Amino acid sequence: MARSGARPGANGDTTTISHDDASTTLCVVVPAYNEQEVLHALHARVSAVLRALPFRWQVLYVNDGSRDSTGTMLLQLAEQDPHVAVLELSRNFGKEIALSAGLDHAETDLVIVIDADLQDPPELIPQLIDGWRQGYDVVYAQRLTRAGESWFKRATASAFYRLVGRVSHVKIPRDTGDFRLLTRRAVLAVRQLREQHRFMKGIFTWVGFPQLAVPYHRDARQAGTTKWNYWKLWNFALEGITSFSTAPLKLATYGGLASALFSFAYGIYMVIDTLLFGNRVPGYPSLMTVMLFLGGLQLMAIGVVGEYVGRMFDEVKGRPLYLLKTCRVSPAPATTAPR
Ligand code: UDP
Ligand code: MG
């Protein structure tokens, strides 16, 4: 298990910090977008796991503007089961924001974030809680395998984690999704980060606090289809890099510098060449090559700057992250686990 941050109360003793389980509250946050096929299976599995725990608990579903019957199913579920709380966003805002909306409304001691599609096995929750009992504030599940995903997806994901690890200021753990447990103070910290471009894995790492990885085997999607395609993944990767690193801007600077140095050296060579041998050929091909090369380089550098300027534009507007259509959340889970 990978650990980071100081472990509170770990002065050589391995005793667990005592928690008053009966008064501890737990909320499982589930962002859901067009997940009608899996919702019932998910709720059954999550409830089964939570019922076995000694805490007071709640499952907070965030309907991220689904176009299928996810919304009505969730409201029905809330009618039937007092453990269910539902938030509905006014439209589809994307997973990162749906998740943030859930975190904004989860007022419990512990919050667990899990995907709706059952790729994150709810049965791992007790292990995440063990991590909390050892004194960690953020306990994240780390994938050992990714079932049901093509080698290309796995290869690109791995390359992405390596790249982000190299360029960003915070060390984002690899093969980690959003499936994790957060203590209240970690949740309160995450809530303070209100940026529009939300790379949650980075945000969770940025807040710090003692963090622990719990390895697991990732299942394939139970039903339904992934909401990701390669264009979205590419943009997600861009988000990850630009939110936590200014390395691409530096790359533009140094790329420009290198090409300027090269041009300078080439210029000197041309002068000497002309002085020694005279102007043998008009030099059209080399001129064209250099012009095209520099033109391309400049456009690319402007594009890189543009990526950042565009993001600044989005942040400067200061819009709310999301708008709510429905809010069926009690401030704290008033319900006690039926024993
Ligand atoms: N999701 C969401 N809003 C979106 C896209 C996805 O709330 O716009 C939810 C989705 O319902 C699921 C989770 O985010 O619970 C992960 O989505 P998905 O399984 O499509 O992503 P993947 O597992 O392929 O990374
Ligand atoms: Mg999934």
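Where a number appears in this text, it was derived from the coordinates with a stated rule and is not lab data. Nothing here was measured: the structure is a model prediction, and the numbers come from that model. Positions of Cβ are generated from backbone atoms using ideal geometry, with glycine treated the same way; all protein chains shown enter the neighbour counts.
Quick notes
- Axis of helix 284-316 versus longest Cα principal axis of the chain: the two differ by about 30°, to the nearest ten degrees.
- DSSP beta bridges in the chain [antiparallel fraction, %, rounded to 5]: 35
- A simple spin-label model places the labels of L257 and R51 6.4 nm from each other, with each point 7 Å out along Cα-to-Cβ.
- Among the lysines of the chain, pairs that are 8 or more positions apart or on different chains and have alpha carbons within less than 20 Å of each other number 12.
- Residue among V46, V316, V207 with the largest mean-square fluctuation in a Gaussian network model of the chain, springs linking Cα atoms under 10 Å: V316
- Between R319 and F264, the simple label model (points 7 Å from Cα in the Cβ direction) yields a spacing of 4.5 nm.
- Computed from the C-beta positions of T145 and L233 and an R0 of 25 Å, the FRET efficiency is 0.85 to the nearest 0.05.
- Taken along the Cα-to-beta-carbon direction at a fixed 7 Å, the label points for L299 and L275 span 3.7 nm.
- Per-residue ellipticity at 222 nm computed for the chain from its helices equals -15000 deg cm²/dmol, with DSSP H segments shorter than 4 residues left out and the rest contributing -39,500 (n - 2.57).
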